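A.B. asks: So that we are looking at the same thing, I have put the structure below in structure tokens.
The values are calculated or read from the model by the stated rules, or taken from the named source; none is laboratory data. Since we're looking at a predicted model, the values are computed, not measured. Neighbour counts are summed over all protein chains in view; Cβ atoms, including those assigned to glycine, are modelled from backbone coordinates with ideal geometry.
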Amino acid sequence: MFTKTLRQAPADEVAKNAQLLIRAGFIHKEMAGVYAYLPLGLRVLEKIKQIIREEMNALGGEELIMTNLQPKAAWEKTTRWDDEVVDIWFKTKLKDETELGLAWSHEEAIVQMLRPYVQSYKDLPIRVYQFQTKLRNELRAKSGIMRGREFVMKDMYSLHVSKHDLDAFYNQAVEAYQRIYDRLGIGEDTFVTFASGGAFTKFSHEFQTICPTGEDEIYLHRGKNIAVNSEMIDDQGIIDELHRLQIEKSELEKVRTAEVGNVFNFGVDKAEQMDVEFADASGQQKPFYLGSYGIGVTRVMGVIAEKFADERGLVWSDAIAPARVYLINIGNDDDVVKNTTKLYEELKKAGIEVIWDDRDARPGEKFADAELMGIPHRVVVSPKLLAQNLLEYQPRTLDIAENLTTETLFDKLK
RNA sequence: CGGGGUGUGGCGCAGUUGGUAGCGCGCGCGCUUUGGGAGCGCGAGGUCGUCCGUUCAAGUCGGAUCACCCCGACCA
């Protein structure tokens, strides 16, 4: 591993997520709001992506990847090329002066791409998704990887023949999202939140995770698992909705949150603006219904880093840690090295991801780094315990170590 | 974009009324250490963000510019 840990975070980082991720060697700051993902960070990112991918596939999603370079024509059809309408465009030009945009979202691109495939009601529904690096010319980047100018997003788009079909899928997507946040370990603190809608629905839904450094504020009813974005709390539609759910505004708790996902119903808006229609069973041309479903993958990583970190550093769950085991040898006795090598090979063979800190460093330094990196399980091979045929084991979240045989260790890690 | 602040070895910082840059961590070598970020010794590493100016002399003074941070606005 080429990365090193730092005792002190760079002075220009204030956000806890970025401070810890930089100190532990997960990310590198290229410029404001732009971060590189180093080997450890990339592993976390890929694990989060894999969980999302599995749930998207379970919904019938088909993965693809769209382009960063966008032609302006498709976006002009929906007025969203205009800098007055969308103020976060990065735009550039070809050598021949043709204007291009760098993608900040992909609704128009997807609709344009799918045009030849949407001809008949038999072609629908279509559910496609991608993991894409989005580029947004934010006036002010902040909060480390929680709000960058370049970030990884999962965006899914679904096309349907009717409002009914879209609504049904939309609800399935909400459930899939809840499973994703559960698997990522933030399910308990993540709430489906009413947010501003569009022309075709009263509301959209955001997934808001309780996080003291988040940028949003929601009104929350934990008992009924209902939340409202504060920007919508005085909206008449919300007032009606709360009344329907028999909730008094005074029962709601105001909490600070970070938006980790959203789902949005575009109705037939995009299809009409971009003039993409299909033939229904009677041969009549109709616009399709479009839903879009986003998760800020890198932001979720930042939120998790913030939420679970303690005074010693990052804390990852087994599901998304860069490795499950941090293996430490104490001293360089032949016997220790031989046994650590053996254990390292056995762990790899068992499919357990392991980082072996084989540096010629003192134990304290290795312990500190294991904790800073937040690797969930720490295993120590020492001359003292080796004499008794034991290993030391300690989970990241506990302060107490225990001595185990190799067999018990493997049982624990199963 | 409005307001405020900061740029000095890889990281964190000091540098007085202008006189030619220093500390801690980290890094290299040696010896001693070896279960919670070791000790001693030696050493490497800096166009002081950049440009222009003032001056015999600029890290220090003036102007411009670039970058970064914070607060606000923005986030469809």
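For every residue, the table says whether it meets (1) in a strand (DSSP E or B); (2) among the acidic types (Asp, Glu); (3) within 10 Å of RNA strand B (Cβ to nearest atom); (4) at pLDDT 95 or above.
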site: A:Asp335; (1), (2), (3), (4): no, yes, no, no
site: A:Glu346; (1), (2), (3), (4): no, yes, no, yes
site: A:Ile352; (1), (2), (3), (4): no, no, no, yes
site: A:Trp356; (1), (2), (3), (4): yes, no, no, yes
site: A:Glu365; (1), (2), (3), (4): no, yes, yes, yes
site: A:Ala368; (1), (2), (3), (4): no, no, yes, yes
site: A:Glu371; (1), (2), (3), (4): no, yes, yes, yes
site: A:Lys384; (1), (2), (3), (4): no, no, yes, no
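A.B. asks: Taking the options A:Phe288, A:Phe266, A:Phe278, name whichever one is surrounded by fewer than 21 Cβ atoms within 10 Å (Cβ to Cβ) and not assigned by TED's automatic domain parsing to the domain that holds A:Val379.
C.D. replies: After ruling out the rest, the residue left standing is A:Phe278.
A.B. asks: When the residues of the stretch A:321-333 are narrowed to those that are more than 12 Å from RNA strand B (Cβ to nearest atom) and part of a loop (DSSP other than H, G, I, E, B), which ends up nearest to A:Tyr393 (Cα to Cα)?
C.D. replies: Applying the filter and picking the extreme gives A:Arg324.
A.B. asks: Go through the stretch A:27-73 and report how many residues are more than 28 Å from A:Val111 (Cβ to Cβ) and within 14 Å of RNA strand B (Cβ to nearest atom).
C.D. replies: 11
A.B. asks: Restricting to strands (runs of 3 or more DSSP E) lying wholly in the stretch A:22-98: which have 1 or more residues that are surrounded by 12 or more Cβ atoms within 10 Å (Cβ to Cβ) and touching a Pro at 6+ places or on another chain (Cβ under 9 Å)?
C.D. replies: A:27-31
A.B. asks: Would you check if A:Glu241 is over 18 Å from A:Val255 (Cβ atoms), assigned to a helix (DSSP H, G or I), assigned by TED's automatic domain parsing to the domain that holds A:Tyr293 and at pLDDT below 95?
C.D. replies: Yes: the conditions hold for A:Glu241.
A.B. asks: Of all residues in the stretch A:104-139, count the ones that are part of a strand (DSSP E or B) and within 16 Å of RNA strand B (Cβ to nearest atom).
C.D. replies: 4
A.B. asks: Quickly run through the stretch A:3-26 and pick out the residues that are touching a residue at least 60 places away in the same chain (Cβ under 8 Å), near RNA strand B (Cβ under 10 Å from one of its atoms) and within 21 Å of A:Lys366 (Cβ to Cβ).
C.D. replies: Residues satisfying the conditions are A:Thr5, A:Arg23, A:Ala24.
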